[in-house]
Amino acid sequence: MAKITLDNLAHSYYPNPKGEDDFALKELNHNWADGEAYALLGSSGCGKSTLLNIISGLLHPSQGRILFDDKDVTHASTADRNIAQVFQFPVVYDTMTVRNNLAFPLKNRGADPKYIAQRVQQIGQMIGMEAELDNRARGLTADAKQKISLGRGMVREDVNALLFDEPLTVIDPHMKWELRTQLKSLHHEFGHTMIYVTHDQTEALTFADKVVVMYDGRVVQIGTPQELFERPEHTFVGYFIGSPGMNVIPAQVSGKRANVHGSSLNLGRGYGDLTGKVEIGIRPEFVSLTQGKGLPVTVRRVEDVGRHKIVRADLFGHEINIVASEDMPISADMNRVTFDPNHMNVYVNDWLKVGEAA
Ligand code: ADP
Ligand code: MG
């Protein structure tokens, strides 16, 4: 298990990158704590696999260093880094039995046969394949093969880090939940440093202690699920996390007040005079649909999603979402919204601006 340091790291797939746009991974500097479970979350193409493969040693960064427990491993091989990695699609030895596939990483490192037998049994149980341990891998479904890949990734207890790159893509939906739970319990049991790549916020938020949100080759925020919810540091985090995501509304801000199409709102904190692209971010959970007081809206649609209602409305030509409780009647004269001042965030050019306490 190791602390992972990303020092001045960046990567371009071009031999002579011209500008920032040529970098699939823009410069980053971070320390990832030993024994924590991280999720790398972002949409397809944002650089998640690039970063993961640099950490595992499959890819050499065009700039910067990577350290495990303060030791420079930038040029070390994956084997020397002592890492287990599981990919999106199964990698199994078809001619071997399930048991031998699972045992492979242990045999390779010369582990004691008694220990191997017992550990393989344990992993077989975790991935729900105990009954198939003596079957050959050939002929198994993609789903079963991927479970073997996952099992092989988890079999060694002495790795520095366990890396998963969208490992549940080909897994059946009901088994996904089961396997994610297993990975979590594995983490609790052994305390490995784990990095789990996904584009699915639910997967990231349920798996990880810390979620690393990536957007366009950049890490835009690292935080607990709660931090990402309450204080998105970038508007992308606001949109991407939550369902529906945060409302982002153009505004002018001066001191403690925001002006939205001529209506003035109290922000609770002071911001001075802001210039650039200025926006207010407010989660649908902190917007209330009311009568008589607040900003004028036109309700377009009400969706009942079980635990609550989602109201889709129009605010000065801008779509706004409101989460209302399931039992709240929504009448035609409810044509105003108010925002909870404790949950309003201010953004300048997409980045969070922290105001001064009033
Ligand atoms: P993600 O895993 O988040 O979907 P990737 O890290 O695979 O994203 O890709 C990030 C960017 O780098 C994308 O624009 C992708 O097209 C590009 N890219 C990925 N792999 C290569 C490669 N081997 N050669 C050139 N460009 C690549
Ligand atoms: Mg990828």
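Any read-out appearing in this document is the output of simple, stated calculations on the displayed coordinates, not a laboratory observation. What you see is a predicted model; the values in this text were computed from it and never measured. Backbone-built Cβ (ideal geometry, glycine too); neighbour counts: all protein chains shown.
Using the Cβ atoms and a cut-off under 10 Å, what net charge is assigned to the surroundings of CYS46, where Lys and Arg are +1 and Asp and Glu are -1? My count for the surroundings of CYS46 gives +1.
Cross-link reach is defined here as a Cα-Cα straight distance under 23 Å, omitting same-chain residues fewer than 8 places apart; for LYS26 the lysines meeting it are LYS3, LYS18, LYS48, LYS71, LYS210, LYS277, LYS353.
For segment 335-342, backbone phi angles converted through the Karplus equation (6.51, -1.76, 1.60; θ = phi - 60°) give residue-by-residue couplings of 10, 9, 10, 10, 10, 6, x, 6 Hz, Gly and Pro being listed as x. To the nearest ten degrees, helix 173-190 and the longest principal axis of the Cα atoms of the chain are 70 degrees apart.
Here's the picture: charge each Lys and Arg Cβ at +1 and each Asp and Glu Cβ at -1 in the chain, and of VAL337, ASN29, TRP351 the one pushed furthest to the positive end of that dipole is ASN29. Computed over Cα pairs, the Kirkwood radius of the chain leads via Stokes-Einstein (0.890 mPa s, 25 °C) to a diffusion coefficient of 107 µm² per second. For the chain, a Gaussian network of Cα nodes joined below 10 Å ranks ILE54, ILE222, ILE310 by mean-square fluctuation, and the top entry is ILE310. The angle separating the long axis of helix 113-126 from the principal Cα axis of greatest extent in the chain is about 30 degrees. Counted by Cβ distance under 13 Å from PHE229, the other residues give a net charge of -2, where Lys and Arg count +1 and Asp and Glu count -1. Close amide H pairs (under 5 Å, H built 1.01 Å from N) link LYS353 with VAL346, TYR347, VAL348, residues at least 5 positions away or on another chain.
Taking the charge dipole of the chain about its Cα centre, with +1 at Lys and Arg Cβ atoms and -1 at Asp and Glu Cβ atoms, the residue from GLY217, ASN266, GLN85 reaching farthest to the positive side is GLN85. In a simple Cβ point-charge model (Lys, Arg +1; Asp, Glu -1; nothing else charged), the chain has a dipole of about 180 debye relative to its Cα centre. Among beta bridges from DSSP that stay inside the chain, the antiparallel ones total about 75%.
Phi angles of segment 38-46 translate, via the Karplus equation with coefficients 6.51, -1.76, 1.60 and θ = phi - 60°, into HN-Hα couplings of 10, 10, 9, 10, x, 6, 4, x, 7 Hz per residue; Gly and Pro are given as x.
Modelled spin-label separation between THR181 and LEU58, with each label point placed 7 Å from Cα along the Cα-to-Cβ direction: 2.9 nm. Between ASP34 and LYS3, ILE4, the built amide H atoms are under 5 Å apart, and every one of these is 5 or more places off in sequence or on another chain.
Only Cα pairs within less than 10 Å get springs; with that Gaussian network setup on the chain, which residue of GLN201, GLN252, GLN146 has the largest fluctuation? Between GLN201, GLN252, GLN146, it is GLN252 that shows the largest mean-square fluctuation. Mean-square fluctuations from a GNM of the chain, with a 10 angstrom spring cutoff on Cα atoms, peak among TYR215, TYR14, TYR271 at TYR14. Here the relative contact order of segment 1-100, from alpha carbon pairs under 8 Å that lie six or more residues apart, stands at 31 percent.
Taking every C-alpha pair closer than 8 Å and separated by at least 6 residues, the mean separation divided by the residue count of segment 4-236 gives a relative contact order of 28 percent.
Electrostatic bookkeeping for MET126 treats Lys and Arg as +1 and Asp and Glu as -1; over the other residues with beta carbon under 11 Å from its beta carbon, the sum is -1.
Which part of segment 224-264 falls in the paramagnetic zone of ILE310, meaning amide N under 11 Å from the point 7 Å along Cα-to-beta-carbon? It comes to 242-246, nothing else.
Derived scalar couplings between HN and Hα for segment 97-110 equal 6, 4, 4, 5, 4, 5, 6, 3, x, 6, 4, 4, 9, x Hz in order, rounded to whole Hz, by the Karplus curve 6.51 cos²θ - 1.76 cosθ + 1.60 (θ = phi - 60°), x for Gly and Pro. The amide H of PHE164, built 1.01 Å from its N in the peptide plane, has VAL86, ILE195, TYR196, VAL197 as neighbours under 5 Å, considering only residues 5 or more places off or on other chains.
The charge dipole of segment 1-158, taken about its Cα centre with unit charges on the Cβ atoms of Lys, Arg (+1), Asp and Glu (-1) only, comes to about 560 debye.
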